[in-house]
């Protein structure tokens with residue numbers, strides 16, 4: 001999930017100021033974590049504590065207001081009696097990476113991805129985007145090749161993953177739906193050479209840059225197994241103590257990686 005968070009932070013300055021190339025400064029002074037990170041950590045917290053996804057999403061919204069949430073999500077989160085609003089937006093996919101890392105079978109991942117989406121994104125396309133992202137992460141961390149991941153996503157979710165980034169980049173504009181951003185994010189991973197390259201390529205198509213890089217980043221972390229130390233270090237400088245603690249606990253339990261110790265941090 002740290003790979004998704006890093007993608008969000010790196011892409012945060014390009015969401016409304018798109019850049020259509022890969023040779024940009026990786027971290028800008030304005031880089032920060034957005035709702036993508038907050039809700040990703042909320043899902044991780046729910047998995048760690050076997051809590052309700054919906055309740056954790058609301059809890060983290062209250063803890064971190066003003067982080068760029070969509071208007072429908074804000075209304076839903078502000079009223080505990082609110083029902084899901086049938087969204088097909090990419091919010092379900094941006095926050096799902098902990099599901100891909102946190103469960104041990106593909107059936108569990110598909111089930112939990114659906115459950116993580118349903119409190120808000122209960123439209124079939126919203127669920128599909130979450131399941132496609134989480135299953136790509138699961139397959140990547142289990143050692144599947146890029147061709148195997150591509151075939152699975154195409155066969156089970158009917159996403160077109162054949163269009164190249166060079167083609168996409170020529171026309172792509174802001175699209176916050178799952179059908180309009182999840183396939184593009186997966187394609188950025190498929191064309192990448194390493195984790196950093198995946199993030200750069202995701203951002204280079206434009207559009208909803210932080211979310212596309214967040215989705216790509218989760219898959220890239222699972223596939224390449226490592227995030228460069230300077231990227232992790234910068235991410236931990238930007239996150240607050242609560243977010244770092246949950247990321248650290250989740251990474252240690254589900255990835256066997258003590259990411260806080262790597263950065264000279266502690267869970268205490």
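Answer yes if at least one residue in segment 94-117 is modelled with pLDDT of 95 or more and at positive phi, and no otherwise.
no
Given 227, 231, 199, which one is in a loop (DSSP other than H, G, I, E, B), touching a residue at least 60 places away in the same chain (Cβ under 8 Å) and more than 29 Å from residue 86 (Cα to Cα)?
227
In segment 175-196, what residues are part of a helix (DSSP H, G or I), over 18 Å from residue 27 (Cβ atoms) and touching a helix residue (DSSP H, G or I) at 6+ places or on another chain (Cβ under 7 Å)?
Within segment 175-196, 182, 184, 185, 186, 187, 188, 189, 190 meet the criteria.
For segment 95-108, give me the residue count where each residue is touching a residue at least 12 places away in the same chain (Cβ under 8 Å) and surrounded by fewer than 24 Cβ atoms within 10 Å (Cβ to Cβ).
3
Run down 196, 176, 191 and say which single residue is in contact with a strand residue (DSSP E or B) (Cβ under 8 Å, 6 or more places away or on another chain), closer than 29 Å to residue 20 by Cα and at pLDDT 95 or above.
Only one candidate qualifies: 176.
How many of the residues in segment 1-38 are assigned to a loop (DSSP other than H, G, I, E, B) and in contact with a helix residue (DSSP H, G or I) (Cβ under 9 Å, 6 or more places away or on another chain)?
21
When you go through 111, 67 one by one, which is the residue that is surrounded by fewer than 20 Cβ atoms within 10 Å (Cβ to Cβ), within 18 Å of the chain's Cα centre (by Cα) and not in a helix (DSSP H, G or I)?
From the options 111, 67, the qualifying one is 67.
Looking only at segment 119-145, which residues are surrounded by fewer than 17 Cβ atoms within 10 Å (Cβ to Cβ) and either touching a helix residue (DSSP H, G or I) at 6+ places or on another chain (Cβ under 6 Å) or not in a helix (DSSP H, G or I) (or both)?
142, 143, 145 - these are the residues of segment 119-145 that are surrounded by fewer than 17 Cβ atoms within 10 Å (Cβ to Cβ) and either touching a helix residue (DSSP H, G or I) at 6+ places or on another chain (Cβ under 6 Å) or not in a helix (DSSP H, G or I) (or both).
Going through 87, 92, 82 one at a time, which residue ends up being outside any helix (DSSP H, G or I) and crowded, with 20+ Cβ neighbours inside 10 Å?
Just one listed residue meets the conditions, 87.
The values are calculated or read from the model by the stated rules, or taken from the named source; none is laboratory data. No experiment lies behind these values; they were computed from the predicted model shown. All Cβ positions, even for glycine, are placed from backbone atoms using ideal geometry, and neighbour counts span all protein chains on display.
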